[in-house]
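Some notes on the structure that comes next.
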Amino acid sequence: MTSSSDRSQAVDVQEPKTYEVRTYGCQMNVHDSERLSGLLEGAGYVRAPEGSDGDADVVVFNTCAVRENADNRLYGNLGRLAPMKTKRPGMQIAVGGCLAQKDRDTIVKRAPWVDVVFGTHNIGKLPVLLERARVQEEAQVEIAESLEAFPSTLPTRRESAYAAWVSISVGCNNTCTFCIVPALRGKEKDRRTGDILAEIEALVGEGVSEITLLGQNVNAYGSDIGDREAFSKLLRACGQIEGLERVRFTSPHPRDFTDDVIAAMAETPNVMPQLHMPLQSGSDPVLKAMRRSYRQDRYLGIIEKVRAAIPHAAITTDIIVGFPGETEEDFEQTMHVAREARFSAAFTFQYSKRPGTPAATMENQVSKEVVQARYERLVALQEQISWDENKKQVGRTLELMVAEGEGRKDGATHRLSGRAPDNRLVHFTKPDQEVRPGDVVTVEVTYAAPHHLLAEGAVLDVRRTRAGDAWEKRNAAEAPKPAGVMLGLPKIGAPEPLPVATGSGCGCD
């Protein structure tokens with residue numbers, strides 16, 4: 001028989017509150033979401049089970065203001081949560097990120113059921129704002145105008161046990177006419193080199209074997225102290241960290257891409273032969289209108305130098321089609337650069353107006369029909385180039401870091417997937433022995449498609465790694481707990497190009 005005290009104790013036991021983070025936009029937002037998850041878990045929340053679709057105690061939207069109709073997408077999602085919140089007493093909804101920084105009070109006016117609005121500079125306040133909203137029973141809107149604390153000082157719930165983002169700077173000093181990010185993220189602020197290296201060493205100590213240095217204009221690192229070689233020095237310092245197998249970075253700007261960076265890439269063994277170099281346009285007049293501080297010759301010169309120093313480098317890019325004033329001749333110059341540069345992949349975007357940017361009010365906006373036609377021509381050209389470049393990989397022997405969740409058909413095809421040093425995605429035959437994400441396998445490429453490679457033969461070698469151990473340990477520890485909610489977060493490194501994309505083409509470059 002249960003006593004009254006036992007019944008009282010049973011009533012007092014409460015399940016921990018659950019949370020869900022929905023992320024839109026660039027890699028900086030993805031990394032910020034890792035911080036938001038870490039903050040919430042530090043405050044006692046646990047991740048909602050996979051597929052909860054808003055059925056959580058706290059739902060956080062980490063928004064982007066770059067893409068077309070970003071606000072409509074947000075309010076549509078908020079609208080779908082309104083009836084769920086009515087039925088679930090105590091549920092809270094928070095909106096952060098670039099769109100929150102831009103729209104501020106507008107969000108609560110249009111969606112009065114939102115509890116918290118916070119910006120890009122004060123993500124560390126989320127748990128406090130949620131508690132304040134609960135106690136005061138009214139929406140809390142707090143937007144800081146400048147960075148309160150570098151995000152890397154905040155707790156983190158990283159999405160991967162074997163690969164990690166490491167932020168080296170925030171903000172951007174560029175004034176590209178199509179981009180609103182500098183107005184929302186602020187001026188560039190660099191992190192101390194010692195703090196960056198200490199974080200990387202700590203990550204390696206936890207089992208991470210691949211890191212991606214992250215910044216809105218990553219190779220401008222050092223502008224705070226006037227050291228133009230600070231970024232190349234940082235790359236070389238990463239090469240001295242024992243146990244760190246792969247180093248990547250995104251996204252650089254051609255203006256700041258100096259010869260010493262190319263030398264550091266070529267001479268530092270763990271810096272991978274991969275470069276994402278945003279082009280945006282191949283036309284000098286359009287680049288001038290965009291306020292991109294380089295021209296076609298300068299851009300192609302960088303590509304030539306990289307290829308001379310690192311022959312097997314895979315180079316990817318961003319391109320905007322249909323920027324205001326773009327003529328057929330301008331577009332042909334973009335096609336010319338694509339043919340000359342031989343990108344392994346390109347992220348192509350149809351220009352769309354973004355309120356608050358100079359380009360939105362420029363004359364000679366290009367019609368949707370013309371933009372669509374040009375976009376399709378560019379995609380067709382780049383698809384062929386990507387395929388031709390991938391065919392050159394057939395017969396090569398590659399070391400792959402086994403990836404988690406990157407091969408959608410792996411279960412049906414009895415394959416696994418991994419990333420080559422140049423970040424190409426390779427699907428390979430599943431070996432008889434156990435292989436874990438983070439382990440390294442050696443394979444021979446047998447087939448090429450435009451966006452992936454196949455290694456259909458037997459795996460030549462399997463190397464179990466500390467990163468694989470870390471993945472195994474994390475999954476063993478988390479098995480009894482609710483599964484994490486990935487919500488479409490990009491993987492480390494450049495993802496596969498999408499077949500159709502609209503927007504400004506800007507994120508962190």
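The values are calculated or read from the model by the stated rules, or taken from the named source; none is laboratory data. Nothing here was measured: the structure is a model prediction, and the numbers come from that model. With ideal geometry, Cβ positions are generated from the backbone for all residues, glycine too; neighbour counts draw on all protein chains shown. All accessible areas refer to the heavy atoms of the entire protein, side chains included, with ligands and DNA or RNA removed. Shrake-Rupley method; radii C 1.70, N 1.55, O 1.52, S 1.80 Å.
A few comments on the model shown:
- Accessible surface of segment 194-330 [probe 1.4 Å, protein heavy atoms]: carbon and sulfur percent: 50 percent
- The charge dipole of segment 174-268, taken about its Cα centre with unit charges on the Cβ of Lys, Arg, Asp and Glu (plus for the first two, minus for the last two), comes to roughly 420 debye.
- Overall form of segment 235-385 per C-alpha gyration tensor (a/c, 1.5; a/b vs b/c): prolate
- Rolled with a 1.4 Å probe across the full set of protein chains, the surface gives Val379 an accessible area near 30 Å².
- Here's the picture: a label point sits 7 Å out from the Cα of Glu328 along the beta-carbon direction, and within segment 344-373 the residues with their amide nitrogen under 17 Å of it are 366-373.
- Amide H to amide H, with H built 1.01 Å from N, Val321 comes under 5 Å of Phe349, Gln350, Tyr351, counting only residues 5 or more places away or on other chains.
- In segment 375-454, the trypsin sites (Lys or Arg not before Pro) that fall in loop regions by DSSP, at most 16 other Cβ within 10 Å: Lys392, Arg396, Arg408, Lys409
- Annotation: amide H of Arg354 within the under-5 Å range of Ala360, sequence separation 5 or more or interchain, hydrogens built in the peptide plane.
- Dipole magnitude of segment 275-338, debye to nearest 20 (Cβ charges: Lys/Arg +1, Asp/Glu -1, about Cα centre): 420 debye
- Most positive-pole-ward Cα, Pro254, Thr334, Ala164, against dipole of the chain from beta carbon charges: Thr334
- Gained length - Asp284 relative to Trp387, 0.36 nm times residue gap less alpha-carbon distance: 34.3 nm
- Shape call, segment 418-482: gyration tensor on alpha carbons, a/c limit 1.5: prolate
- Residue (of Leu36, Tyr351, Ala266) at the positive-pole extreme of the chain, dipole from beta-carbon charges: Tyr351
- Over the chain: helical MRE at 222 nm, DSSP H runs n ≥ 4 each giving -39500 (n - 2.57), nearest 500: -10500 deg cm²/dmol
- Stokes-Einstein translational diffusion, segment 378-463 - Kirkwood Rh over all Cα pairs, 0.890 mPa s, 25 °C, in µm²/s: 190 µm²/s
- Segment 22-76 - percent of accessible surface contributed by carbon and sulfur, probe 1.4 Å: 38 percent
- The listed residues Tyr162, Tyr299 rank as Tyr162, Tyr299 when sorted by accessible area, largest first, using a 1.4 Å probe.
- Selected from Ala476, Met362, Gly282, residue furthest toward positive end of dipole (the chain; charges at beta carbon): Met362
- The antiparallel fraction among DSSP beta bridges confined to the chain stands at about 30%.
- GluC sites (Glu not before Pro) lying in DSSP loop within segment 371-464, provided at most 14 other Cβ fall within 10 Å: Glu434, Glu456
- Simple label model, 7 Å out from Cα along Cβ direction - Arg295 to Glu201, nm: 4.7 nm
- For the set Thr361, Thr442, Thr63, solvent exposure ranked by accessible area (probe 1.4 Å, protein chains only) runs largest to smallest as Thr361, Thr442, Thr63.
- Mean Cβ count within 10 Å, highest first, over the residues of peptides 309-319, 24-34: 24-34, 309-319
- Looking at segment 48-147, the trypsin sites (Lys or Arg not before Pro) that sit in a DSSP loop and have at most 15 other Cβ atoms within 10 Å of their own Cβ are Arg104.
- With R₀ fixed at 45 Å, the C-beta to C-beta distance from Arg255 to Arg396 puts the FRET efficiency at about 0.85.
- Sorting Leu460, Leu425 by solvent-accessible area of protein heavy atoms yields Leu460, Leu425, largest first, with a 1.4 Å probe.
- Cβ-placed point charges (K, R +1; D, E -1), dipole of the chain about Cα centre in debye, nearest 20: 600 debye
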